[in-house]
Amino acid sequence: MNRIKYYIPVLLMLLVTGWLSGVSAQQADPGEDKKDALHLTLSEYVRMVNKENENINAQYYQFMISRENITREKSVFEPELVNSFQHGQETIKYSQEEEAYMPFSTINRRDKVSDNVGLAVRGKIPTGGDFKFSYTEDISNDRALDEGWEYKSFYGLEITQPLLRNSGITSSAGIRTAKKDSDISYQTYRIKKIEVIFNAISSCWDFFGAKQKLKIRQDSVKIAQQILEDNRHRYDLGKIAKTEVLEAEAGLAKRKPLALSTAQEVVSTENRVRSFISLSDVDVDIDINIREEFERRDVAPDFDCSMETAFALRPEYLAARCKIEKENILLKYAKNQRWPRLDLNGSYGLNGLGNSLSESRGDAFDQDYNTWHVGIIMTIPLMGDLKTRSELKAAKHRQKQALLELKAIETQIANIISTSVEDVFSILSQVSYYTKARKIEQGLLDVELEKLSSGKSNSRLVLENEEDLNYAKEAELESIINHHKAILALYLAEGSLLRRYGIDENLARVF
């Protein structure tokens, strides 16, 4: 009865700290409470990573740069206003015909002063043509004739429309390829976001596991400390040999460094969790509550469903499709460039002449004084246009390359998802085995404690069984965490990670 009295505290402590109903999901505080604490659920932490992480934000601005490239390409259709002013003087000798009309003139040259003012709006139209609407005023004075100032006005419209090369939608090829580049950049942004958040959640699981492992090892130190104190007391009473005390001291000495190394692991994993939200203040404690996620075992992956999800959400796959569409645009453009240049050019203008500016402007709208022309300009390279021929071949090669890349990505996704699905089921089986092993070790320890209470065992065997139980607990804990990481890897393979953690994505603009 005296032996039972001394081991009752040990037995009670083992029962309190044991995992009789499975691995506890309570997160332990490995050290003293810090001054401030940041308490977050896993979903809140993920949203905070999405908002605060520098790598994600840097990639976001790269995406915004690509959006500006679309605006830059659209500027090709922006009309522009052209203003001009010229002042000049022209001195030429009279021709013989002019001298015949002025037989008594002593002046044999023409001295003409002129000012020219021009205003024009020019630009490009969606059919690929160029337009120019212009207004000019020409003010001149022939000093030799001394007839005063002469005012000329002209209103005109000129259009040049390509009929073969650069005609139609090829004029907007730059805009459409810029949009596809922007879509690819958006998927690259999603890749970076998914990568960072995946690593952040994995770090949360590592942090949680380190704290749980520290709790197990700290409890083990407390048990060993209690056994040592009991053995010392009993040794002082002369009821046990000195070896019992030494064995208890050895058991305690083995457990303390394990607890210290795990405490350092807690600090290291906490700092990794902290880095993903750009938090460097060590005075703020991080507490990520993942109890619900830890206890959940209801994920039943399906290969076909995961493949369907991947084809809808996986950024690498969507980027590859965007690249194919971009190469199709460039191929059409390259084929168009193989045509010779055949441009239709036409213009229509109104002329005005008067002794004043208002008179010349009014005279211009008299339809008797108009000018127009229509013509065709054709340009053919004499050596078959080596440049466009080479560019067409390169465009065909790039299109085939993009198709092969898409096929490779499809194969890669299928293999990754297949592996991830098998990992989830395999690790879940491991969890059940480790849980069974932990229960067996708990039973063996209970039996050993019963033997100890009846004087048929010793503290060394109790400590050994308690150590085996701790190993089983840690193995069970690690297997459960690995199971959640396998599920996380499956979400990564599907491309559904962001959506599953409540991060809104606007994929409607793509395709």
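Coordinate-derived values only; no laboratory data. What you see is a predicted model, and the numbers here were worked out from it, not measured in a lab. Don't worry about glycine lacking a Cβ; one is built from the backbone with ideal geometry, like all the others, and counts go over all protein chains shown.
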Selected from 167, 273, 382, residue furthest toward positive end of dipole (the chain; charges at beta carbon): 273
Histogram of C-alpha separations across region 385-473, 10 Å bin width, %: 15, 19, 14, 12, 11, 9, 8, 7, 4, 2, 0
Lysines whose Cα lies under 25 Å from that of residue 326, excluding same-chain neighbours fewer than 8 positions away: 74, 124, 179, 180, 192, 193, 335, 387, 393, 396, 400, 407
Helix axis angle, 173-236 relative to the chain longest principal axis, alpha carbon, degrees: 20
Net charge over other residues, Cβ less than 9 angstrom from the Cβ of residue 115 (K, R count +1; D, E count -1): -2
Distance in nm between pseudo-label sites at residue 242 and residue 54 (7 Å out along the Cβ direction from Cα): 6.1
Within the chain: Cβ-based charge dipole about Cα centre, in debye rounded to nearest 20 (Lys, Arg +1; Asp, Glu -1): 1920
Fewest-first sequence of 433, 491, 333 by Cβ atoms within 10 Å of each Cβ: 433, 333, 491
Tensor-based shape of the chain (alpha-carbon gyration tensor, a/c under 1.5 rounded, otherwise prolate or oblate): prolate
Reachable lysines from residue 473, criterion Cα separation under 23 angstrom, eight or more residues apart if same chain: 211, 213, 215, 222, 254, 256, 436, 439, 451, 485
Counting all C-alpha pairs of region 316-357, share separated by more than 16 Å (%): 68
Projected label distance in nm at residue 425 and residue 378, using a 7 Å step from Cα toward the beta-carbon: 6.9
Förster-model FRET efficiency, 25 Å R0, residue 160 and residue 117, C-beta, rounded to 0.05: 0.55
Isotropically averaged projected area of region 257-367, using the convex hull of Cα atoms (one quarter of hull area), nm²: 23.3
For the chain: relative contact order, % (alpha-carbon pairs under 8 angstrom, 6 or more apart): 21
Rg/Rg_globular for region 176-233, with Rg_globular taken as 2.2 N^0.38 Å and Rg from C-alpha atoms: 2.43
All-pairs alpha carbon distance profile, region 199-277, 5 Å steps from 0, percent: 3, 17, 18, 14, 12, 10, 8, 7, 5, 4, 2, 1
Debye log10 I(q)/I(0) at q = 0.13, 0.15, 0.19, 0.21 Å⁻¹ for region 293-428, Cα point scatterers: -0.80, -0.89, -1.08, -1.17
Farthest positive-ward along the chain dipole, Cα basis, beta-carbon charges - from 42, 416, 70: 416
Degrees separating the helix 459-494 axis from the principal Cα axis of the chain, which is the longest one: 20
